[in-house]
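What follows is a set of notes on a single structure, which appears directly below.
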Amino acid sequence: MVEVRLEKVTKKFGRVIAVNKVDLVFEDGKFTVLLGPSGSGKSTLLYLVAGIYRPTSGKIFFDDKDVTNLPPRERNVGLVFQNYALYPHMTVYDNIAFPLRLRKEPPEKIDSKVHEVAKLLRIEELLDRFPSQLSGGQQQRVALARALVKEPSVLLLDEPLSNLDALLRLTIRAELKKLQQKLGITAIHVTHDQAEAMSMADKIAVIDQGTLQQVGTPEEVYLKPRNLFVATFIGNPPANTLTGSVQTVDGTVFVEVGSARYQLTEEVSKIVREAGVEKLVVAFRPEHAKIVESPLVDPEGDLVLEGDVYVVEPLGRENIVTLIVAGMPIKVVTPPDVKPHSSSKVYIVVPRNRVMLFDVETGLNIEFLIREIHQKIPD
Ligand SMILES: Nc1ncnc2c1ncn2[C@@H]1O[C@H](COP(=O)(O)OP(=O)(O)OP(=O)(O)O)[C@@H](O)[C@H]1O
Ligand SMILES: [Mg+2]
């Protein structure tokens, strides 16, 4: 297949910078998900790879070949649009055959390829129908068949699941992942749904306002978000954040959030002292915290916060408890039997290895800040 590489790619529409200096590699044979909120530049980035748009600046490579100025038909990409864009006056068969007829392939070859891909996507019995006679899920498969029939080197998917109902999305998302693995094709899938991204991706590229925020495996972006945007965009409910002030007591550096004091490690204390940081954002995921009635004296130095229970939402498999900590709402996911009473005073315990710290000014995760400093100063 092919590796797709973007080098400092920028796309402007008049004064709008839709994609801003993006450096990104889509690995050969891997499923990469481009994740970001509405208007963040996901579709624009996909259409730049497809060749529908030309970058304002920067370069695009397929393996070692510079394709920046090649039109779509010379890139051999398969593209599935959000609305499927099937030709309404053509049967399913003709829709799928269309890209091969454009290439003037011989009719026998077209026929065998259409049947092969229809079998793969289990739509053989629909070949004589028109798009208006299909359900959303069936139309989605036809659009996918049309993209795959020309054996593209890259498969580009622009929110292909967003028009499907919740249950069908879950089914198709698993099938799509299986299909990509089976074909071993380089795939770029656009979505604003973080759960979809987590479940499908080999790699997730998070984008906001045209700027790449982080690229990593689902585990990396979930456990080690590079910045506050990624921490709060990924996860459901998203990560909790509290701003605390940095205090030094008898030479030990703490961050103070509400009535709690959380001791910083030597390494973080050093950075904080050297950079003169006065405030830090303390963050943790709702599923990494525990609710207890009394705080045990904790030798590990976990984060222990005092909170008032605001409301409990039972979801069957778990409960979501909203608490007020230092005037701010905090969410904790608890097992079904943990249902603290509203207005009761409880303690929230977050293990040290699950506490994330971010710089207030830049939003950058302190761990990344340390890593970047180490990279700059070779020892
Ligand atoms: N053809 C265009 N002309 C002018 N501005 C455009 C054009 N296409 C996109 N934009 C702008 O570029 C930005 C990125 O748009 P894009 O469609 O790539 O976002 P997106 O992440 O795909 O959003 P969504 O999730 O809503 O589909 C937006 O501000 C959008 O208004
Ligand atoms: Mg879009």
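The values are calculated or read from the model by the stated rules, or taken from the named source; none is laboratory data. Predicted model only: the values in this text are computed from it and were never measured. Quick reminder, even Gly has a Cβ in these numbers, built from the backbone with ideal geometry, and neighbours come from all protein chains shown. Surface accessibility is based on the protein's heavy atoms, side chains included, excluding ligands, DNA and RNA. Shrake-Rupley method; radii C 1.70, N 1.55, O 1.52, S 1.80 Å.
Sorting Lys104, Lys119, Lys109 by accessible area puts them as Lys104, Lys119, Lys109; the probe is 1.4 Å, largest comes first, and only protein heavy atoms count.
Taking region 68-99 and a reference point 7 angstrom along Cα→Cβ of Lys119, the backbone N atoms nearer than 20 Å belong to 92-98. From the residues Val268, Gly316, Pro295, which one has its Cα farthest along the dipole of region 240-376 in the positive direction, the dipole being from +1 and -1 charges on Cβ of Lys/Arg and Asp/Glu about the Cα centre? Result: Gly316, furthest along the dipole toward the positive end.
Each Lys or Arg adds one and each Asp or Glu subtracts one; over the other residues with Cβ under 13 Å from the Cβ of Ile291, this totals -2.
How much accessible area per residue does region 240-376 have, counting only protein heavy atoms and a probe of 1.4 Å, in square angstrom? Per-residue value: 56 Å².
Evaluated with a Cβ-only charge set (Lys, Arg +1; Asp, Glu -1), region 192-272 carries a dipole of roughly 140 debye about its Cα centre, given to the nearest 20. Taking all protein chains together and rolling a 1.4 Å probe, Tyr87 ends up with roughly 70 Å² accessible. Tell me, how many Å apart are the Cα centres for region 186-215 and for region 222-297? Cα centroid of region 186-215 versus Cα centroid of region 222-297: 26 Å apart. Taking a sphere under 11 Å around the Cβ of Glu196 and counting the other residues whose Cβ falls inside, with K and R at +1 and D and E at -1, yields a net charge of +1. Rg over Rh for region 34-78 works out to 0.99, using Cα positions for both radii and the Kirkwood form for Rh. Radius of gyration (Cα atoms) of region 220-379, expressed as a multiple of 2.2 N^0.38 Å: 1.07. Heavy-atom accessible area, probed at 1.4 angstrom with all protein chains present, ranks Arg317, Arg226, Arg101 as Arg317, Arg101, Arg226, highest first. The charge dipole of region 240-376, taken about the Cα centre with unit charges on the Cβ atoms of Lys, Arg (+1) and Asp, Glu (-1), comes to about 220 debye, rounded to the nearest 20. Treat region 71-128 as a sphere of radius equal to its Kirkwood radius over Cα pairs and apply Stokes-Einstein at 25 °C in a medium of 0.890 mPa s; give the translational diffusion coefficient in µm²/s, rounded to a whole number. So the translational diffusion coefficient is about 198 µm²/s. Of the residues Val255, Leu357, Asn20, the one whose Cα sits farthest toward the positive end of the charge dipole of the chain, with +1 on the Cβ of Lys and Arg and -1 on the Cβ of Asp and Glu, is Asn20. At the residue level, Asp302 shows approximately 40 square angstrom of accessible surface with a 1.4 angstrom probe and all protein chains present. Remark on region 1-107: hydrodynamic radius 15.4 angstrom, per the Kirkwood mean of 1/r across alpha carbon pairs. A dipole drawn for the chain from +1 and -1 charges on Cβ atoms has a positive end, and of Thr44, Ala166, Val77 the residue lying farthest that way is Val77. On a per residue basis, region 4-233 carries 45 Å² of accessible surface, using protein heavy atoms and a 1.4 Å probe. On the beta carbon distance between Glu372 and Phe130, with R0 = 45 Å, the FRET formula returns roughly 0.20. Normalised by the number of residues in region 240-376, the average gap of Cα pairs under 8 Å and 6 or more apart makes the relative contact order 26 percent.
Ranked by solvent-accessible area (1.4 Å probe, protein heavy atoms only, all chains present), the residues Arg352, Arg261 order from largest to smallest as Arg261, Arg352. Derived from the Cα gyration tensor, the three semi-axes of the equivalent ellipsoid of the chain are 47, 26, 15 Å, largest first. Beta bridges from DSSP with both residues in the chain: antiparallel share about 80 percent, rounded to the nearest 5. Equivalent-ellipsoid semi-axes for region 54-175 (Cα gyration tensor, √(5λ), whole Å, largest first): 26, 20, 12. Summing Cβ point charges (Lys, Arg +1; Asp, Glu -1) relative to the Cα centre of the chain gives a dipole of roughly 1360 debye.
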